[in-house]
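The values are calculated or read from the model by the stated rules, or taken from the named source; none is laboratory data. A quick note: this is a predicted structure, and the numbers were derived from the prediction, not measured. Using ideal geometry, Cβ is built from the backbone for each residue, glycine included, and neighbour counts are taken over all protein chains shown.
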Amino acid sequence: MAKMDAIFASVFPPAVLDHTTPTPVATPDLGFTAPGQSFGGIISPVGAKQQKPLSAAQIQVKRNISWSTATRFLSLSTFPVVDLNSSALIKGTPHKIKTREIEDAIEFLLSEDSLQGHIDENWDLVAWYLLEVQTHFLDRVAPVFQQLWSSEIPSERGIQFLRSIAQRYATMQSIYQIPVTEHILPATTVSKRRHTLEPGASAERRQQRILSKFERRIHALFIHALPAERFSNIISHVMYDCACKMFQLHTSEGDSPPSQKLGDKSVSEKELMALLQSLQKVGLGGDRAQRAFAHAMDKLMNEFIVSHWMKVDWEGREPVTDKLRKWIRHGFSPFVRAVVRHLGGADEGPNASEVDAQRWLDVAFARLGRARISNLFEYIVRWDDSLGAILDIKEYITTPAARSFLTTNFSHQLSRRLLHPGATTTNILNVYISIIRAFNELDSKGVLLDRVARPIRRYLRDREDTARIIVASLLADIEDSNGHFIDPGPDISVEIAREMLNPITAFEEADQDMDWDNMLWTPDPIDAGPEYKKSKSSDVTASLLSLYNRNEFINSLQTILGEHLLKNEDSRFEKEERLLELFKHRLGDDKLQPCEVMLHDVQQSRRMNTAIHRYQGYRAAVSKSQGAELNAQILSSNFWPKLQEADFTVPAPIKLLQDQYAKGFESIKDMRKLEWLHALGRVTVVLEFEDRKIEEIVPTATASVIYAFQSPPNPSNKDGPIEKSISQLEAELSIEEPLLRTALTYWVSKNVLRTLPSCSNTYTVLETLSSDDAINTSAQQAQALAQASMDAETVSAVKSAEDLFSENEEMYRQFVVGMLTNGGAMNVMRIFMMLKVVVPGGFPFGIEEVRGLLSGMVEGGVVVGTGDVFAVRRE
């Protein structure tokens, strides 16, 4: 039964909400005549003083007559139709004359006598009038506002539209409030004077309760008539638009910053505050408007963060957080507090403004920090012009959550934009160095650097050319004698080369834990990672050297330094000496003895050349060679890496100079013998023709090939041009065919040689150059090919690891077979460690090369393998 009552109650409203029309005049039911009263007498509703208390029937009659009189007077049914185009909505509100009878009826209904000491909501005149207002509003006024909201509202007219809505609501509120203020409230004062309604309660307090109840009911009606979502959207847009005008935020890139100072107020704020005040008066403020305002301020803060006010200071390299702090304290926070007050918010005390400002500052710094972090990769690439942006981020990363967001987000940027095959190793190294510098500015303890550097370091270790580029960059020159920048090429890291311009004394010790006298020592941070020691240092060189195992890096250093010294024979080697001092400081003196010997060799060779050039036999050879000179680099073979070798017959003048140079060397060095490496030589060749002269610096093999065309011509064709086939040149020079073809292609590209039309393998000299030959496209292509071949020849002066492994692969195979025969089955790691011990001169390769060697032996049927363990195959 209780469940059924609840269902009916949800459908049928209670009695107080079931509004009725004003009661008509009818013959009352008088009941029994009171003692001492004439039969059939009607008690006047007028408030004449009664000598005796009224009976219940008399009070009922009086209440019925008073109710009919008061409700017909207060009824709104006589109001005319609402006019949509009128700002007042209702034309000519009818004027009603209040008689004494009406006044007494209202006073009686509001007195305690009408209820006989108990409250009956069915006879509450105030509640009845509120329901009358509700019925009238819903039937006649609400449809008008629905029509207003049904049309499309342009965004630029939002504030005008809301202002008109507020004005119409205010008009309706004043119209509905007239009966309350002119008839109901005065009656409460008279009733209080005549009767004691509430002990200790004043008429003013009762009037205030009635007014508050009326305003709550009418405001609820106004809100109910609004489309909630559209109202929230339009008021949020109006607040946001006015705030943007107030703070002069521009979204288009072409807009220039305004002349108005940040935080200055404009007329937009006055318009907005007037609108909000009018909305609050008609009940459209409160929680709903405050939520819309919160959305607007959220959007405003985001807009300010990306506005011209918060642009990165690329020139001054200063943070913009001071501007943000000023805007929050003197612009945003006061504006928010003012709006909240106009929307009905309570003032929280004298210190609330400072608390609010600090809370907004925390939010703003977080958003600025996240915005900067989203573009951190660009700031790293443009370091150190982006120092201001890095300092902005520094003020954000004050909590563990912010620091985690920074490292996670930036790691994703690195994996997406840097750590992929499309990025060159040089570019990755440059960015890594910028990361070291920028993150040391962000976090001097190096914890953040350690987190973001791990994937970069792993990726660089996996690249084959990383060590070569590091050492080559440390040896490269990026400034000429006048201090002007020199482009070192794509295989040189400019950032690493710049590190060599710093004094060595500025570098820190590699292992600070062993510095027992360091009074500034502190333990590692609690959130430091496993490679914290390797990546935290602000010393770029130390971070780069820690990428590799010490022995692995020294092997690469020897190879690259050897190539460098052979290419720069005319250098004074000041940078090389400085680099070796740096490496000895980092890696230890005993590890770099081969490098010191190599540097000593090239320095000693210069002095040796000067001494041998005074040798009499050499001077005679120079005279016979028509002034040709020979400079040699004398290398200690036991300390240099394996060099490229290619044996061929050199021109007679060069051979003569070599012989005399060797004799001079033997006379100085106690009969020591020289072994010439022709493949590494460079020769200056001057060719004179009938119509031109060519001078080139070429490898010895290339010079030997063109010199062969000076031989006497074919006896059967003494007067014709010199013609030689590839087979003839191979036999004459004892040169390998690939090297020969490279030299021929080069001279074809220089329009010195050309192939015969009848035979593509026979070449002849171009004594005169025609116009067609000068613009020959194929010759230009050949020149590019020859130049690439020359570059490859130059780079490969020192044998590559692949070449060395191929040359010694058979020896390594024999050692592996011997170890597995004598020691039984072994895993790859043990084979690798034993090769390092038993191979003469050491095994200079890694475990991956051992795996490749064993795989080849399995395919060849020499050994068998199960997983990571290998053994000799048994028949």
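Summary of values
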read-out: Any hit, the range 468-491, residues being part of a helix (DSSP H, G or I) and surrounded by fewer than 20 Cβ atoms within 10 Å (Cβ to Cβ); value: yes
read-out: Condition check for Ile456: β-branched (Val, Ile, Thr), assigned by TED's automatic domain parsing to the domain that holds Ser493, more than 15 Å from Tyr379 (Cβ to Cβ) and within 17 Å of the chain's Cα centre (by Cα); value: yes
read-out: Filtered residue count, the range 378-414, keeping only those that are in the same structural domain as Gly489 (by TED's automatic domain parsing) and closer than 20 Å to Ser543 by Cα; value: 4
read-out: Residue in the range 456-466 that is of a type outside the set (S, T, N, Q), modelled with pLDDT of 65 or more, part of a loop (DSSP other than H, G, I, E, B) and more than 29 Å from Asn409 (Cβ to Cβ) present; value: yes
read-out: Residue in the range 566-574 that is buried (at least 20 other Cβ atoms within 10 Å of the Cβ) and modelled with pLDDT of 80 or more present; value: no
read-out: Filter result for Leu300 (more than 29 Å from Asp385 (Cβ to Cβ), touching a residue at least 24 places away in the same chain (Cβ under 8 Å) and outside the structural domain of Thr407 (by TED's automatic domain parsing)); value: yes
read-out: Single match in Glu271, Glu318 (criterion: over 29 Å from His219 (Cα atoms), in contact (Cβ under 8 Å) with a residue 40 or more places away in the chain, in contact with a helix residue (DSSP H, G or I) (Cβ under 8 Å, 6 or more places away or on another chain) and not hydrophobic (A, V, I, L, M, F, W, C)); value: Glu318
read-out: Residue within the range 428-449 that is of a type outside the set (Gly, Ala, Ser), surrounded by fewer than 19 Cβ atoms within 10 Å (Cβ to Cβ) and closer than 27 Å to Glu848 by Cα present; value: no
read-out: Enumeration of residues in the range 321-347 that are touching a residue at least 12 places away in the same chain (Cβ under 8 Å) and within 27 Å of the chain's Cα centre (by Cα); value: Thr321, Lys323, Leu324, Arg325, Lys326, Trp327, Ile328, Phe332
read-out: Residues that are in a loop (DSSP other than H, G, I, E, B) and surrounded by 15 or more Cβ atoms within 10 Å (Cβ to Cβ), drawn from the range 650-673; value: Val650, Pro651
read-out: Qualifying positions in the range 724-753 - touching a Phe, Trp or Tyr at 6+ places or on another chain (Cβ under 7 Å), at negative phi and outside any helix (DSSP H, G or I); value: Lys724, Ile735, Leu753
read-out: Within the range 674-696, considering residues that are of a type in the set (A, V, I, L, M, F, W, C) and in a helix (DSSP H, G or I), the one nearest to the chain's Cα centre (by Cα); value: Leu680
read-out: Yes/no for Ser404 being polar (S, T, N, Q), more than 11 Å from the chain's Cα centre (by Cα) and either part of a loop (DSSP other than H, G, I, E, B) or surrounded by fewer than 19 Cβ atoms within 10 Å (Cβ to Cβ) (or both); value: yes
read-out: Cβ pairs under 6 Å, 6+ apart, first in the range 100-120 and in the same structural domain as Lys62 (by TED's automatic domain parsing), second at pLDDT 50 or above and among the charged types (D, E, K, R); value: Ser114/Arg63
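Every residue, every condition in (1) over 25 Å from Glu354 (Cβ atoms); (2) at pLDDT below 90; (3) surrounded by fewer than 17 Cβ atoms within 10 Å (Cβ to Cβ), yes or no:
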site: Cys244; (1), (2), (3): yes, yes, no
site: Gly254; (1), (2), (3): yes, yes, yes
site: Pro258; (1), (2), (3): yes, yes, yes
site: Gly263; (1), (2), (3): no, yes, no
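Listed here are the residues, each with its yes/no results for (1) among the aliphatic types (A, V, I, L, M); (2) under 46 Å from the mean Cα position of the chain (by Cα); (3) surrounded by fewer than 19 Cβ atoms within 10 Å (Cβ to Cβ).
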| residue | (1), (2), (3) |
| --- | --- |
| Asn551 | no, yes, yes |
| Arg578 | no, yes, yes |
| His585 | no, yes, yes |
| Arg606 | no, no, yes |
| Ala611 | yes, no, yes |
| Tyr615 | no, no, yes |
| Ala620 | yes, no, yes |
| Ser625 | no, no, yes |
